[in-house]
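Written below as structure tokens is the structure these notes are about.
The values are calculated or read from the model by the stated rules, or taken from the named source; none is laboratory data. Because the structure is a prediction, the values reported are computed rather than measured. Don't worry about glycine lacking a Cβ; one is built from the backbone with ideal geometry, like all the others, and counts go over all protein chains shown. Ligands, DNA and RNA are stripped out before the accessible areas are found, and what is left, the full protein with its side chains, is counted by its heavy atoms. Shrake-Rupley method; radii C 1.70, N 1.55, O 1.52, S 1.80 Å.
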Amino acid sequence: MAYSVTPLAGIDLTNISNYNDSSDGTDIPTQGPLGLQVFGSDGLRYVFAKAGAAITASTATCTVNASTFVATASGGTYLSPATTMASGDYGWFSKASV
């Protein structure tokens with residue numbers, strides 16, 4: 001199980017992130033912001049993104065849009081978290097950093 005080696009507190013690289021609803025119904029993740037990148041103890045780079053559709057746990061062919069940070073399970077080189085994600089869930093997607 002990887003953990004963040006970037007000096008930020010509260011980063012959970014293996015599970016989806018919780019979120020709070022604002023008064024207008026917008027989801028506000030408890031981690032973030034979207035696009036935040038950290039390095040893990042496993043040598044991978046992780047990016048915080050939002051699932052654009054349902055994504056099976058540990059899907060190794062995810063794409064993360066570089067401008068919206070929305071992830072999809074179609075093609076790409078990112079690995080999804082070890083927990084199945086529903087559309088709209090937030091989590092950390094890993095990729096080789098070299």
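Points to keep in mind about this one:
- Share of carbon and sulfur in the accessible area of the chain stands at 56%, probe radius 1.4 Å.
- The coefficient of translational diffusion for the chain, derived via Stokes-Einstein from the alpha carbon Kirkwood radius under 25 °C and 0.890 mPa s, stands at 186 µm²/s.
- Inter-label distance for Gln37 and Asn18, nm, one decimal - labels placed 7 Å from Cα along Cα-to-Cβ: 2.9 nm
- Panel note: the C-alpha atoms of the stretch 46-98, placed on their principal axes, show extents of 29, 23, 17 Å (largest first).
- Working note: Debye formula, equal point scatterers on the alpha-carbon atoms of the stretch 30-71, no solvent; log10 I(q)/I(0) at q = 0.18, 0.22, 0.24, 0.32 Å⁻¹ is -0.56, -0.82, -0.95, -1.21.
- The residues neighbouring Val70, those whose beta-carbon lies less than 15 Å from its own, together hold a net charge of -1 under the Lys/Arg +1, Asp/Glu -1 convention.
- Solvent-accessible heavy-atom area per residue, rounded to whole Å², over the chain at 1.4 Å: 54 Å²
- The slack in the chain from Ala60 to Thr6, taken as 0.36 nm per residue of separation less the alpha-carbon distance, amounts to 17.1 nm.
- Positive-end extreme of charge dipole, the chain - chosen from Ala66, Thr26, Ala82 (charges on Cβ): Ala66
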